[in-house]
Amino acid sequence: MTAMIECEGVSKAFGGVIANNEITLEVPEGRITGLIGPNGSGKTTLFNSIVGYHPIDAGSIKFQGREISDLRVQQIARLGLLRTFQQTRIYSKMNCVENMLISVPHRTQTYRAMFSKYPPDVTERAEDLLEFVGLYEKRFLISGNLSFGQQKLLEFAMALMNEPKVLLLDEPTAGINPTLINGLIDRLKRATSELGITLFVIEHNMPVIMGLADNIYCLANGRLLAHGPPEKIQNDQRVINAYLGAHYYLDSD
Amino acid sequence: MNTRLRRTLPYAGLLIAGIAAPFLFPDYTFQFTVLWVMILFALTWDILGGQMGYNSLGNIAFFGVGMYICAVVQIGLYYDVAQYTASYGAVKVEFTADQYFTGLAVGLIAAGLGAMVFSIILGWVVFGLRGPYFAIGTLGVALSAGELTGAWDYVGGGGGIALPIYPGEPDDRSLFFYVLSFTLTIILFFLLRWIYLGRFGLAANAIRDDEEKAEGMGIHTMRYKTVGWAIAAFFLGISGALFGNMIGFIEPLEVAFPTVTFGLFMVVMCLLGGRGTLWGPVIGATLFHTFKEVTWIYLLGWQWVALGALIVVSVVFFQQGIVGWVKEKWPEKFGIAVDDRALAETDPDLDEAPSQRLRRQTEAAQ
């Protein structure tokens with residue numbers, strides 16, 4: 001089991017606010033790794049640091065053993081490390097199929113390819129993936145007119161279309177109804193088992209992340225609080241204190 | 001077959017109208033030539049402004065750069081440019097027909113390529129700007145290009161340059177420039193149609209909708225922007241060279257870098273017709289130019305007021321433009337609809353995926 005992402009002492013501050021303080025973690029290949037923590041604990045900042053949205057203050061980030069902390073967003077994306085956004089981001093004035101088609105990998109794009117048309121098998125793959133997330137019938141609708149949950153599914157499908165090696169998902173189930181959540185969990189698991197995509201997931205929905213992840217990291221106040229398999233995290237007193245509120249236990253004692 | 005015919009019809013109509021116009025209305029050949037240049041303006045502006053959401057107010061700079069490059073090449077091939085411009089026509093210069101056409105041909109190509117190189121260098125500087133900053137930055141480039149040219153004696157400064165005279169009859173001359181502008185615009189139109197249908201079109205729209213997301217997905221955004229602008233500059237450069245020769249005399253502020261007239265018209269024509277569509281700029285330019293010419297004839301004295309009113313009305317009340325409005329009104333005509341064909345089958349096999357069912361149906365139909 002090799003590590004896809006290795007963070008070593010990553011720190012990031014915005015002015016006086018230390019969002020990430022010497023975080024060291026590892027995302028193993030072919031697994032689903034979870035990242036939890038209270039609001040403002042630095043989860044999204046860590047994601048942004050990994051995919052290159054801002055430079056980090058200290059530490060190192062390696063992707064497949066290669067240092068990526070000095071690369072730009074596009075270069076990292078082309079290496080096969082992709083993220084989805086907490087506030088869903090799709091190309092809102094294009095239809096679903098177009099959203100999918102432009103999400104093909106851009107790893108080896110030549111100038112000639114810029115003007116080429118999409119071969120039928122790419123369109124077919126786009127349609128298959130739309131079906132995978134249950135948007136096939138709506139594929140010609142303008143994506144900005146879809147419901148929030150459907151946009152979230154579309155964004156997930158777009159990420160799969162890009163054939164990433166590692167996918168960072170920022171709260172994939174937020175704003176999605178319970179029935180759809182089960183379907184989404186199933187699809188996330190299948191993305192790992194069938195397509196071999198390593199997942200790194202931020203999630204607030206505890207039953208979801210406990211059922212999904214093989215391994216969970218918990219952040220609090222920009223520091224790494226705990227790390228381990230779901231059962232261990234669930235019973236970790238520090239996590240319970242940080243997440244459920246320590247005063248609750250203190251009061252009842 | 002029927003749908004195919006219906007789809008080809010507008011394109012055929014455009015071609016036929018373009019070929020027939022100078023024969024049906026020979027007195028208006030000059031006006032039609034200007035109309036094709038206007039359509040070219042709108043089409044080139046739309047590549048960045050409509051498809052990519054980069055509102056440039058300085059595209060007219062490529063027009064002027066092309067115009068001057070062509071003039072310098074045309075003269076420089078046979079005479080000393082500095083001497084020619086310094087004499088202000090005092091020295092009698094003659095261009096033979098051979099010299100004229102060779103100079104023009106080389107000049108047109110040089111104008112296109114020169115404007116293109118200029119756009120690539122400029123893009124490298126200004127593509128870091130977004131939104132209104134990009135608009136103002138490019139506007140500054142166009143304005144200063146005009147002023148700088150006006151201060152440059154080698155190309156005649158503010159006094160301008162008189163271009164070589166067309167060796168032939170005036171009627172032949174106007175037809176000659178009509179054919180060139182028409183051909184240039186039609187080539188651009190079909191080139192854009194082709195690239196908008198492929199990956200370029202989608203990437204451009206992706207940059208328009210969410211450039212940060214596009215970067216996050218690994219799209220070569222800078223490359224698409226640069227190439228899009230280079231295409232616009234290439235055609236604008238050639239059109240500037242043609243326009244200069246058609247007028248016969250060029251100077252920096254009114255002819256080569258008319259930022260507040262042509263430079264703004266190209267934006268307004270796109271908005272009027274519908275930005276981000278292939279036909280919008282064509283329709284917008286045709287309507288705008290017709291409206292402008294009609295008011296110039298029948299509302300003389302009030303023509304700028306009328307034109308201003310048209311601009312205000314279209315920007316305030318009609319932002320999506322004509323084609324955009326039609327698309328909003330009848331989305332299903334443009335294929336924007338839920339695809340329920342797969343569910344329409346009687347007694348459907350529910351285990352079969354909709355896409356599979358649809359593909360099976362299509363195969364069975366063939």
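The values are calculated or read from the model by the stated rules, or taken from the named source; none is laboratory data. Keep in mind that this is a model prediction, so the values were computed, not measured. Protein only, heavy atoms only, side chains kept; ligands, DNA and RNA dropped before computing areas. Shrake-Rupley method; radii C 1.70, N 1.55, O 1.52, S 1.80 Å.
Which whole-number value in Å² is the accessible area per residue of chain B, probe 1.4 Å?
Numbers: 17390 Å² over 366 residues.
Heavy-atom SASA per residue in chain B reads 48 Å².
Over every Cα atom in the protein assembly as shown, the radius of gyration and the widest Cα-Cα span, Dmax, amount to 29.8, 107 Å. Using a cutoff of 8 angstrom between alpha carbon atoms and counting only pairs six or more residues apart, the relative contact order for chain B works out to 27 percent. I want to verify a result. In a Gaussian network model of chain B, Cα cutoff 10 Å, which of these has the top mean-square fluctuation: B:320, B:74, B:356? Ranking B:320, B:74, B:356 by mean-square fluctuation puts B:356 first. Using a probe of 1.4 Å on the protein chains alone, the accessible area found for residue A:227 is around 80 Å².
A loss of 20 Å² or more of accessible area (1.4 Å probe, protein heavy atoms, ligands and nucleic acids excluded) relative to the isolated chain is seen in these residues of the range A:117-141: A:117, A:118, A:124, A:128, A:131, A:136, A:137, A:139, A:140, A:141. With 31 Å as the limit, the listed pairs A:43/B:327; A:189/B:327; A:232/B:213; A:93/A:117 have A:43/B:327; A:189/B:327; A:232/B:213 beyond it between alpha carbons.
Look at where the Cα atoms of the range B:42-79 and of the range B:235-294 average out, and the two centres are 11 Å apart.
Between B and A, buried accessible area from a 1.4 angstrom probe totals roughly 3900 Å², ignoring ligands, DNA and RNA.
With the convex hull of its Cα atoms as the shape, the range B:176-255 has an orientation-averaged projected area of 6.7 nm². Let me know the shape class of the range B:231-332, please: from the alpha-carbon gyration tensor, a ≥ b ≥ c as square roots of the eigenvalues, rounded when a/c is under 1.5, otherwise prolate if a/b is greater than b/c, or oblate. Oblate shape, in that a/c is at least 1.5 and b/c is the bigger or equal ratio. Across chain A, C-alpha contacts under 8 Å between residues 6 or more apart give a mean separation that, scaled by the residue count, equals a relative contact order of 26 percent.
If a/c stays under 1.5 just call it rounded; otherwise compare a/b with b/c (prolate if a/b is bigger, oblate if not). Do that for the range B:138-206, with a ≥ b ≥ c from the square roots of the Cα gyration tensor eigenvalues.
It is oblate, given that a/c is not under 1.5 and a/b is not larger than b/c.
Let me make sure I get this right: for the range B:1-147, a, b and c are the square roots of the gyration tensor eigenvalues over alpha carbons, sorted descending. Under 1.5 in a/c it's rounded, otherwise prolate if a/b > b/c, else oblate. Which is it? Oblate.
Per residue, chain A exposes 43 Å² of accessible surface when a 1.4 Å probe is rolled over the protein heavy atoms with every protein chain present.
Working from Cα positions, state the angle (0 to 90°, nearest 10) between the long axis of helix B:29-49 and the longest principal axis of chain B. That helix lies at roughly 60 degrees to the long axis.
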